[in-house]
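Reviewing the structure listed below.
The values are calculated or read from the model by the stated rules, or taken from the named source; none is laboratory data. Just so it is clear, the model here is predicted, and its values are computed rather than measured. Counting neighbours? That spans all protein chains shown, and the Cβs are built from the backbone with ideal geometry, glycine included. For the accessible areas, the whole protein counts, side chains as well, though only heavy atoms, and no ligand, DNA or RNA atoms are used. Shrake-Rupley method; radii C 1.70, N 1.55, O 1.52, S 1.80 Å.
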Amino acid sequence: GAVVSQHPSWVICKSGTSVKIECRSLDFQATTMFWYRQFPKQSLMLMATSNEGSKATYEQGVEKDKFLINHASLTLSTLTVTSAHPEDSSFYICSARVLAGEADTQYFGPGTRLTVL
Amino acid sequence: AQSVTQLDSQVPVFEEAPVELRCNYSSSVSVYLFWYVQYPNQGLQLLLKYLSGSTLVESINGFEAEFNKSQTSFHLRKPSVHISDTAEYFCAVQTNFGNEKLTFGTGTRLTIIP
């Protein structure tokens with residue numbers, strides 16, 4: 001149980017184009033999903049918290065208009081990188097929150113590697 | 001705000017030898033603690049977690065971690081490592097006041113030497 005998928009697993013795009021990444025909870029409903037960014041040999045940095053049916057909450061320093069998040073259903077959240085540039089190249093990972101007694105547990109997707117040329 | 005320090009960025013260990021991956025945290029409030037493992041080109045998998053109760057927690061694949069409140073540590077240990085344990089290990093902390101954000105350490109790359 002608690003499987004999270006991401007699509008695509010990798011994508012290469014030209015500078016200036018937009019890229020959409022999907023995050024799905026396969027066997028459970030997730031009212032909250034999270035989007036992280038991971039640079040090579042670095043830790044995960046939380047970008048935003050995505051809540052079903054409401055606007056995402058962005059971390060300080062993350063551009064809302066550049067990283068569009070939509071959480072239209074209890075099993076799907078999408079991250080769209082608009083007008084991507086080479087500096088946006090990174091590994092993007094989503095997670096879905098499952099309540100587990102005293103604390104929630106986050107289950108992570110396999111990640112999407114974005115390369116912007 | 002809380003923070004996590006993983007003191008070792010890389011740890012090489014011979015197969016079947018013991019290993020300890022260090023994790024220290026800082027927080028002004030009580031926290032929950034987690035260890036996640038990341039295999040190459042994959043997302044993170046939960047290895048074990050400490051919420052409350054016994055300070056020693058174990059995973060199904062032989063890892064264990066001990067919560068030490070006085071030393072604000074949550075070190076990960078395994079008495080005998082296997083080649084398949086080669087991965088990146090992340091320590092994470094979460095406050096227990098309803099804040100669901102996880103704060104991650106910078107990770108430790110564990111390399112098992114045959």
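Considering only B:Gln71, B:Gln38, B:Gln94, give the residue with the highest GNM mean-square fluctuation for chain B, with springs between Cα atoms whenever their separation is below 10 Å.
B:Gln71
What list of ³J(HN,Hα) values in whole Hz, one per residue of the stretch B:31-42 in order, does the Karplus curve 6.51 cos²θ - 1.76 cosθ + 1.60 (θ = phi - 60°) give from phi, with Gly and Pro shown as x?
Values per residue, Gly and Pro as x: 9, 9, 10, 9, 10, 10, 10, 10, 7, x, 6, 10 Hz.
Put +1 on the Cβ of every Lys and Arg and -1 on every Asp and Glu Cβ in the protein assembly as shown; which of A:Gly16, A:Cys94, A:Tyr107 then has its Cα farthest towards the positive end of the dipole?
A:Gly16
Average partner chain C-beta neighbours within 10 Å, per residue of A:39-48?
Numbers: counts 0, 0, 6, 3, 11, 12, 2, 4, 0, 0.
Average neighbour count from other chains, rounded to a whole number: 4.
For B:Lys101, list the aspartates and glutamates whose Cα falls under 20 Å from its own Cα; do not include residues on the same chain fewer than 8 positions away.
Hits, sequence-local ones excluded: A:Glu52, A:Glu59, A:Glu63, A:Glu102, A:Asp104.
Can you send over the solvent-accessible area of A:Met45, 1.4 Å probe, protein chains only, in Å² to the nearest 10?
120 Å²
With +1 on each Lys and Arg Cβ and -1 on each Asp and Glu Cβ, how big is the dipole of the protein assembly as shown about its Cα centre, in debye rounded to the nearest 20?
480 debye
Got a sec to turn the phi values of the stretch A:17-33 into Karplus ³J(HN,Hα) couplings, 6.51 cos²θ - 1.76 cosθ + 1.60 with θ = phi - 60°, whole Hz, x for Gly and Pro?
8, 10, 10, 10, 10, 9, 10, 10, 8, 7, 10, 7, 9, 10, 6, 10, 10
Once the dipole of the protein assembly as shown is set up with Lys and Arg at +1 and Asp and Glu at -1 on Cβ about the Cα centre, which of B:Val81, A:Ser77, B:Ser27 lies farthest towards its positive end?
Most positive-ward Cα: A:Ser77.
When only DSSP loop residues count, what trypsin sites (Lys or Arg not before Pro) in the stretch B:68-114 have their Cβ near at most 16 other Cβ atoms within 10 Å? Can you show the working numbers first?
Numbers: sites: B:Lys69, B:Arg77, B:Lys101, B:Arg109; in loops: B:Lys69, B:Lys101.
Of the trypsin sites (Lys or Arg not before Pro), the ones in loops of the stretch B:68-114 whose Cβ has at most 16 other Cβ atoms within 10 Å are B:Lys69, B:Lys101.
If we count every other residue with Cβ under 14 angstrom of B:Pro114's Cβ, Lys/Arg +1 and Asp/Glu -1, where does the sum land?
Its environment carries a net charge of -3.
Which is farthest toward the positive dipole end of the protein assembly as shown among B:Ser59, B:Gln2, B:Gln71, measuring Cα position about the Cα centre, with Cβ charges +1 (Lys, Arg) and -1 (Asp, Glu)?
Going by the charge dipole, the pick is B:Gln2.
Show me the three semi-axes of the equivalent ellipsoid for the protein assembly as shown, from the C-alpha gyration tensor (sqrt of 5 times each eigenvalue), largest first, rounded to whole Å. Could you put the intermediate results ahead of the total?
Details: eigenvalues 178, 87, 50 Å².
Working through the eigenvalues yields semi-axes of 30, 21, 16 Å.
Tell me the trypsin sites (Lys or Arg not before Pro) within the stretch A:59-100 that lie in a loop according to DSSP and have at most 12 other beta-carbon atoms within 10 Å.
A:Lys64
What's the tally of Lys pairs in chain A whose alpha-carbon atoms lie under 19 angstrom apart, where the two lysines are 8 or more places apart or on different chains?
Count of close lysine pairs: 6.
Take the solvent-accessible surface of the protein heavy atoms, probe 1.4 Å, and return the percent of it on the protein assembly as shown that carbon and sulfur atoms account for.
52 percent
How much of the DSSP beta bridge set in the protein assembly as shown is antiparallel, as a percent to the nearest 5?
90 percent
Dipole magnitude of the stretch A:17-110 about its Cα centre, charges +1 at Lys/Arg Cβ and -1 at Asp/Glu Cβ only, in debye to the nearest 20?
For this selection, approximately 140 debye.
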